[in-house]
Amino acid sequence: MVYVNPDIENLYRVKCTDDRSKVLRLDMNENPIGLPAEFVNHVKEKITPELLASYPMKEHLIDLIAEHNGIEHDNITLTAGSEEAMRLIFQCFGRRQSDLITVFPTFEMYDVYSKMFGMRHKFIDYSDEFNVDADRIMDEIDEDTGMIILLNPNSPIGTVFGKHDFERILDKALSYNALVVIDEAYHYFYKNTEMELIKKYNNVIVLRTFSKLCSIAGLRIGYASGSKQLIKYIENAESTFNVSTVSILFATEILQNPQLMKELENIEKKGHEWLAGTLKQMGYKVFSGEGNYVLFYPKMPSGQLVEELKKRNIWVRDYSKGVLNGWVRISTGDVDSMKRAVSAIQEVDKENLER
């Protein structure tokens with residue numbers, strides 16, 4: 001038997017193998033309708049045989065991102081979605097047997113990567129009111145801390161930390177030579193950003209993705225920003241051509257079209273407000289945070305509701321652990337998609353009452 005890294009051999013993973021092509025996808029925080037067809041067709045016209053035959057060129061897009069965020073070219077590296085950036089960060093900076101600190105619940109892949117790279121994962125639990133005090137995070141930072149990772153806004157709840165909280169965390173982390181990662185996958189749905197902190201601190205990395213607001217999750221493109229030295233280390237670990245030519249093309253066209261990004265923001269905001277307001281009017285307990293998702297507490301077991309909605313080709317996400325046990329999360333998007341989801345929920349509720 002060939003050698004297998006025991007951290008990989010014993011790692012429990014759940015793969016997404018379901019056919020999601022013919023359903024209303026409200027379970028993974030994607031844009032349910034995607035980019036406007038006319039925009040997609042415009043970009044597709046630029047996909048020539050010569051373009052596809054060429055290895056990717058990143059530099060122009062990196063320049064655009066630098067200008068977009070008010071930072072330098074050397075502060076950025078492109079990755080295959082922000083998820084590749086996460087893996088590279090653990091590969092470069094994840095000291096074995098050190099502690100990873102995150103809140104709980106949060107994006108599940110951080111726990112996967114902590115196990116994959118031999119780190120201990122320390123969770124800071126949310127309160128029943130969906131709050132996490134930054135002081136509790138501060139209290140956990142010590143000589144065993146290797147990394148602190150915080151989504152801002154955090155998925156799946158949608159809470160945020162302020163700049164003062166991050167600066168306090170960064171200062172204490174720096175005193176123990178620990179890295180802080182601020183995951184801004186849901187930026188644009190929440191306008192505040194901590195990108196400026198990379199100019200002040202050499203122990204912070206900010207992550208962004210084109211999967212959420214920019215609606216190209218299928219193309220797998222994102223980026224990491226940090227000090228020039230941190231970015232150099234990440235690029236040392238990258239494959240030579242880790243992002244495709246087509247993903248670079250679409251990301252470039254999106255960044256060059258700020259009006260499109262504004263339209264995408266407005267569409268999600270209207271749908272978000274409509275969904276949260278309607279669910280409240282229907283008598284549900286609702287938590288509406290800063291990301292493109294809304295939490296509500298159903299009138300039946302959450303798993304049962306998820307299965308009933310699946311029968312109607314509408315997919316949402318429920319939770320079975322911790323403070324979110326029994327809650328359901330719906331990804332938000334255009335009003336029509338939200339109306340379709342609510343109509344199905346009403347239908348399921350009615351059937352449940354008649355049983």
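The values are calculated or read from the model by the stated rules, or taken from the named source; none is laboratory data. All values reported here derive from a predicted model rather than from experimental measurement. Here Cβ is always computed from backbone atoms with ideal geometry, including for glycine, and neighbour counts include all displayed protein chains.
Screening H68 on (1) more than 22 Å from A178 (Cβ to Cβ); (2) assigned to a helix (DSSP H, G or I); (3) touching a Lys or Arg at 6+ places or on another chain (Cβ under 9 Å); (4) not acidic (D, E) shows it passes everything except condition (3).
Of the strands (runs of 3 or more DSSP E) lying entirely inside the range 283-334, those containing at least 1 residues that are crowded, with 23+ Cβ neighbours inside 10 Å and touching a residue at least 60 places away in the same chain (Cβ under 8 Å) are 293-297, 328-331. Taking the criterion of being under 18 Å from L170 (Cβ atoms), touching a strand residue (DSSP E or B) at 6+ places or on another chain (Cβ under 9 Å) and surrounded by fewer than 20 Cβ atoms within 10 Å (Cβ to Cβ), the only residue of the range 214-232 that qualifies is S227. So, V246, is that one among the hydrophobic types (A, V, I, L, M, F, W, C) and closer than 30 Å to L26 by Cα or not? So V246 passes the test. Annotation: of all residues in the range 173-213 being of a type in the set (D, E, K, R) and surrounded by 19 or more Cβ atoms within 10 Å (Cβ to Cβ), the one that is farthest from M147 (Cα to Cα) is K212. Filtering the range 11-48 to residues that are part of a loop (DSSP other than H, G, I, E, B), without any contact (Cβ under 8 Å) to a residue 60 or more places away in the chain and either closer than 21 Å to V306 by Cβ or not acidic (D, E) (or both) leaves Y12, V14, K15, C16, T17, D18, D19, S21, T48.
One residue stands out in the range 255-305 among those that are among the hydroxyl-bearing types (S, T, Y) and farther than 19 Å from R208 by Cα: the one that is nearest to the chain's Cα centre (by Cα), namely S288. The lone criterion from (1) touching a residue at least 12 places away in the same chain (Cβ under 8 Å); (2) surrounded by fewer than 17 Cβ atoms within 10 Å (Cβ to Cβ); (3) not aliphatic (A, V, I, L, M) left unmet by N266 is number (1). Identify all residues within the range 52-62 that are surrounded by 14 or more Cβ atoms within 10 Å (Cβ to Cβ) and in a helix (DSSP H, G or I); write none if there are none. Once the filter is applied, which keeps residues that are surrounded by 14 or more Cβ atoms within 10 Å (Cβ to Cβ) and in a helix (DSSP H, G or I), the range 52-62 yields L61, I62. The sole residue among I124, I101 that is modelled with pLDDT of 95 or more, over 23 Å from F296 (Cβ atoms) and surrounded by 22 or more Cβ atoms within 10 Å (Cβ to Cβ) is I101. Criterion first (assigned to a helix (DSSP H, G or I) and modelled with pLDDT of 95 or more) does M86 satisfy it? So M86 fits the description; yes.
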